[in-house]
DNA sequence: ATCAAAAGGTGAAATAATACATCTTTTTAA
DNA sequence: TTAAAAAGATGTATTATTTCACCTTTTGAT
């Protein structure tokens with residue numbers, strides 16, 4: 001973690017997590033959460049939650065982009081999902097295990113604050129509508145990853161890369177033009193193929209006029225045709 | 001569904017769902033669930049929940065083996081997960097959507113009973129420990145599928161097929177010797193490869209003495225070596 | 001019992017993907 | 001500022017995978 005002092009970087013007043021929470025719980029209840037929460041900043045590349053570590057808190061991500069990373073027994077990485085703020089992370093473990101199944105890493109500079117699992121659980125147990133809202137928040141993070149997996153599982157690399165480009169454009173950067181937060185290696189870990197295959201395929205799409213690649217800058221020239229490649233597999 | 005009459009095939013007294021439920025809720029509460037529940041039998045191959053259909057109830061599966069199936073825009077099938085009783089299914093939608101994201105099909109004869117979502121939700125909202133237990137039940141069904149996906153996403157076909165054989169042996173049939181409930185085509189839909197590739201690979205494993213294949217009968221001769229193939233990718 | 005359809009199986013050709021060697025460009029740290 | 005390291009890029013050889021044509025066996029309906 002970047003910061004060990006309990007420094008305040010941003011104001012809690014305009015926090016989305018506070019706004020949502022206070023629709024369900026009393027201000028005094030929320031104050032109990034806030035009192036124990038710590039504001040944190042992460043630089044691009046930093047690990048926010050470490051696979052295998054004990055999960056001691058949630059993190060409400062108020063700014064930034066993250067990846068969920070799974071490291072296998074051979075040290076090979078796989079990116080399960082990419083998400084942007086706002087998101088409540090660490091929730092893989094709410095109903096589950098006490099250790100993180102995956103790592104969460106910043107792929108752009110991030111800001112957020114820790115939320116004590118014990119206190120949140122206690123409050124949520126006394127307020128089921130709030131509990132449902134929190135569960136929804138947590139599962140949001142996984143919803144998108146299911147369809148990434150489906151793409152991975154039965155499409156070839158062309159289709160998978162088209163899917164990822166469309167996903168990033170529509171769900172993360174909200175634009176046809178964006179500066180990729182991932183290295184080619186990470187892109188490959190998301191697409192489930194080799195780094196070279198990613199480079200070759202992006203080049204091919206570029207040469208065919210589907211996209212324009214200039215280092216990390218990517219422009220989707222023809223999203224409809226990408227959609228067709230995605231559909232065709 | 002096989003049966004439209006409210007026929008009773010089995011006794012509710014020894015039902016695991018009842019036993020678990022009654023650890024958390026009153027008998028009278030459970031009786032409300034039971035009164036609305038219908039016992040059902042499904043033959044191998046029958047659809048239990050249909051992708052895209054409105055999800056009107058949960059099913060407590062007390063006997064049998066099922067697959068979660070996703071059919072894509074081109075009509076291609078993908079098996080996301082295979083599970084055996086006891087399981088609470090239909091829960092994909094508890095926090096989510098009102099339509100089934102996947103189909104659930106019997107791959108062995110099944111027995112179970114419907115559980116009204118409305119009543120269960122109402123009871124669970126009044127009893128958070130019970131709610132947590134039900135959520136745990138529901139997420140159980142998905143836990144295993146995550147690791148199947150990880151296998152799919154970054155292993156080659158040898159490793160994926162080794163993984164599936166080990167998974168079936170350890171999680172479904174609980175034995176090194178079993179009669180496969182899947183056709184070769186379905187196996188391929190689970191492994192994310194072609195039917196021929198499944199056949200070739202099983203034959204290769206057979207010839208190398210790793211397994212013994214005789215039609216649907218499979219014996220894992222050397223699970224340790226399969227594990228190595230799984231690990232190597 | 002018979003026929004048709006579905007599932008299982010095989011080998012070879014075509015295609016896709018990876019691994020490798022090598023080079024260039026960009027980043028990072030001293 | 002510079003050197004080292006990391007990331008990006010490319011073409012080719014090797015390996016993996018799919019597709020296809022074809023055949024056999026099993027299953028299910030009449």
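Annotation note: of A:120, A:125, A:129, the sole residue that is exposed (fewer than 14 other Cβ atoms within 10 Å of the Cβ) and within 30 Å of residue A:29 (Cα to Cα) is A:129. Beta carbons closer than 9 Å, at least 6 apart along the sequence or on distinct chains, pair a first residue in the stretch B:40-51 that is on the phi > 0 side of the Ramachandran plot with a second that is modelled with pLDDT of 95 or more and assigned to a loop (DSSP other than H, G, I, E, B) for B:45/B:107. The set of residues in the stretch B:172-195 that are under 14 Å from residue B:65 (Cβ atoms), in contact with a strand residue (DSSP E or B) (Cβ under 7 Å, 6 or more places away or on another chain) and more than 9 Å from DNA strand C (Cβ to nearest atom) comprises B:172, B:178, B:179, B:181, B:190.
Within the stretch A:206-216, the set of residues being under 19 Å from residue A:181 (Cα atoms) and within 15 Å of DNA strand C (Cβ to nearest atom) comprises A:213, A:214, A:215, A:216.
Among residues of the stretch A:134-144 being more than 8 Å from chain B (Cβ to nearest Cβ) and buried (at least 19 other Cβ atoms within 10 Å of the Cβ), the one that is nearest to the chain's Cα centre (by Cα) is A:141. Out of B:183, B:230, B:175, one residue alone is modelled with pLDDT of 95 or more and within 16 Å of DNA strand D (Cβ to nearest atom). It is B:183.
Only one of these is touching a helix residue (DSSP H, G or I) at 6+ places or on another chain (Cβ under 9 Å) and at pLDDT 90 or above: A:80, A:40. Name it. Only one candidate qualifies: A:80.
Where helices (runs of 4 or more DSSP H) fall entirely within the stretch A:123-233, those with at least 1 residues that are over 28 Å from residue B:145 (Cα atoms) and touching a residue at least 60 places away in the same chain (Cβ under 8 Å) are at A:128-154, A:223-232.
For every residue, the table says whether it meets (1) modelled with pLDDT of 95 or more; (2) within 14 Å of DNA strand C (Cβ to nearest atom); (3) under 23 Å from the mean Cα position of the chain (by Cα); (4) buried (at least 20 other Cβ atoms within 10 Å of the Cβ).
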residue: B:149; (1), (2), (3), (4): no, no, yes, yes
residue: B:152; (1), (2), (3), (4): no, yes, yes, yes
residue: B:164; (1), (2), (3), (4): yes, no, yes, yes
residue: B:170; (1), (2), (3), (4): yes, no, yes, no
residue: B:197; (1), (2), (3), (4): yes, yes, no, no
residue: B:218; (1), (2), (3), (4): yes, yes, yes, yes
residue: B:224; (1), (2), (3), (4): yes, no, no, no
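Checking the stated criteria, residue A:141 turns out to be modelled with pLDDT under 85 and touching a strand residue (DSSP E or B) at 6+ places or on another chain (Cβ under 8 Å).
Can you confirm whether residue A:66 is out of contact with any helix residue (DSSP H, G or I) (no Cβ under 6 Å at 6 or more places or on another chain) and within 12 Å of chain B (Cβ to nearest Cβ)? Against the criterion (out of contact with any helix residue (DSSP H, G or I) (no Cβ under 6 Å at 6 or more places or on another chain) and within 12 Å of chain B (Cβ to nearest Cβ)), residue A:66 does not qualify. Residues that are within 23 Å of the chain's Cα centre (by Cα) and over 24 Å from residue A:83 (Cβ atoms) do occur in the stretch A:185-194, at least one of them.
The values are calculated or read from the model by the stated rules, or taken from the named source; none is laboratory data. Quick caveat, the model's predicted, so the values are computed rather than measured. A quick note on method: Cβ atoms are made from the backbone with ideal geometry, for glycine too, and the neighbour counts reach across all protein chains shown.
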